[in-house]
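Quick note: the coordinates plus some simple rules give every number you see, no bench work behind them. The structure presented is a predicted model; accordingly, all values stated were derived computationally and were not measured. Here Cβ is always computed from backbone atoms with ideal geometry, including for glycine, and neighbour counts include all displayed protein chains.
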Amino acid sequence: MTSKVLVPLDGSKLGELALPWAACLARHQAASIVLAQALPWTVLPYDGAMGGYVPPDYYEEVLSAQRDGAMAYLEGLRAELSSQALKVEVVVQEGAPGTVILNLADELGVDTIVMSTRGRGGLTRAVLGSVALEIVQNALLPVLLVRADSEAAPRTPSFDRLLVPLDGSLLAERALDVAVHVASPDSTLTLVRVEGAPPQTNDDNRPSSGPDAGVDESRRPATEYLDRIAQTQVPGTLHARTDVRLGVPPDQILAAASAHNADVIVMATHGRTGPARWWLGSVTDSVARRADRPVLLVSARALVARVAESYCVGDVMTRQPVTVLDTEPLSVVLRKLLRWRVSGLPVITSQGQLVGFVSEDELIGWHDTVVGELARQAGPGPDEYVRRLRAPVASVMTSPTPAIDEQAPLARATRLLRERRTDRLAVTREGNLVGILTGTDILKAMAARLQAASSGENPSD
């Protein structure tokens, strides 16, 4: 399966600091890179005597100029990355940045989002505020936040030394799975756990942080826990270290990252145990805001999706769907809808490129419009309605159509179906239509998984 790394950009140099990390991850994962820029909808004031807004034609000209500028900017970056033997594609879409990025991640089957945490537009706030917060909370995949601080020298991208804070929760341990997945061969994973400092005594001057020469009773349970995780969940191809610290969790996690010279900190966004719960906005937020190195955040939603997913879209889709060419007339669409008893058809070019979707709704809307126009004519000809049915389907189709990459996890497809309020998604491979995914396909996959899980059970249970 081909992996994809999505990089949201805003046109700023600070935003581009995420690119070297995305390139490093792409090389290690044999992945392609998707450079994306969202163009937020803007309201342009009209400087007229009565106030108001710009005319629609002028507004479209402004949007077109913005699209052209964004595309030229991304194409320049694509050329630079392509010269490094990386496969890169570019996407420009209008809409709220958070929504655009999340939709693209779902539709393109992205594995990781790599983004700068400062820059122009929606990313000017502190780490985990605004767009970054929305993406981390809602993405069904890990998000690598690269601190874009113009005053600090950029770190050399590497995934050789990873620091994974663990709080004893299963959620935090699942983040370790992600760390193992992104780690380079022969990497070192440092597992760190922070315990609250015990009451101060006068009989011992031992330091309150860092690995001690001897393990006292207050650290023994945490040490045994980390040793067990290192032995059972870290593959033998990687090196594991453990570090038990006493003190304030964010302070000690950052101190451990510095002491072990970690390239990346890998954290779950919340846990469920301990006196100080780890949740987005407390420990995780503090570490991400203050860290001088990238932080790979894995939300609870992403972890649950990772565990629950057993199929990708291509495994369960309906292959060889009925389609219509963009040059075919509406009369052909009408016949195909009736013959195959479907509510809609994907529209493709002669080369198989998906360009839109036409459904019963579009045809009924077209019918109402045409009937209204003919009613306003003095004497419409008897064949006028049929003549209009010869118009190409491209004149009424919906574009862009809801679509998803064949390699996307099935969980992302179900979310798109619900959010778009549609009963089917076009499935693509590099933009070409390869199938259709419906609710029935998903139900069949659910039933197959249930049957596989229960095949070894006693029928009398």
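Amide H to amide H distances under 5 Å link residue 155 with no residue, where only residues 5 or more positions off or on other chains count and H is placed in the peptide plane.
Listed values for the range 82-95 are Karplus-derived 3J(HN,Hα) couplings in whole Hz (6.51 cos²θ - 1.76 cosθ + 1.60, θ = phi - 60°), namely 5, 5, 9, 6, 9, 8, 9, 10, 10, 9, 10, 9, 7, x, and x replaces Gly and Pro.
Two decimals is fine: what is log10 I(q)/I(0) at q = 0.13, 0.14, 0.21 Å⁻¹ for the range 313-454, from a Debye sum with one equal scatterer on every Cα and no solvent? Normalising to I(0) and taking log10 leaves -0.62, -0.69, -1.24. Taking other C-beta atoms within 10 angstrom as a stand-in for reagent exposure, 145, 297, 330 fall in the order 330, 145, 297, fewest first.
Taking amide H positions as modeled 1.01 Å from N, with prolines and chain starts lacking one, the residues under 5 Å from residue 94 and 5 or more places away or on another chain are 39.
A cut-off of 5 Å between modelled amide H atoms, ignoring neighbours fewer than 5 places along the same chain, links residue 112 with 4, 6. When you filter the trypsin sites (Lys or Arg not before Pro) in the range 372-422 for DSSP loop state and at most 12 other Cβ atoms inside 10 Å of their Cβ, you are left with 390, 421. Cβ crowding within 10 Å, taken as a proxy for footprinting-reagent exposure, orders 169, 359 from fewest neighbours to most as 169, 359.
Per-residue 3J(HN,Hα) values for the range 23-39, derived from phi via the Karplus relation 6.51 cos²θ - 1.76 cosθ + 1.60 with θ = phi - 60°, read 5, 4, 5, 5, 5, 5, 8, 6, 10, 9, 10, 10, 8, 10, 10, 9, 10 Hz in sequence order (x marks Gly and Pro). Neighbour counts of other Cβ atoms within 10 Å put 438, 112, 323, 156 in the fewest-to-most order 156, 323, 438, 112. Restricting the chymotrypsin sites (Phe, Trp or Tyr not before Pro) of the range 315-371 to loop positions (DSSP other than H, G, I, E, B) with no more than 12 neighbouring Cβ atoms within 10 Å leaves nothing. Could you tell me which trypsin sites (Lys or Arg not before Pro) in the range 311-374 are loop residues by DSSP with no more than 13 other beta carbons within 10 angstrom of their beta carbon? Answer in residue order: 341.
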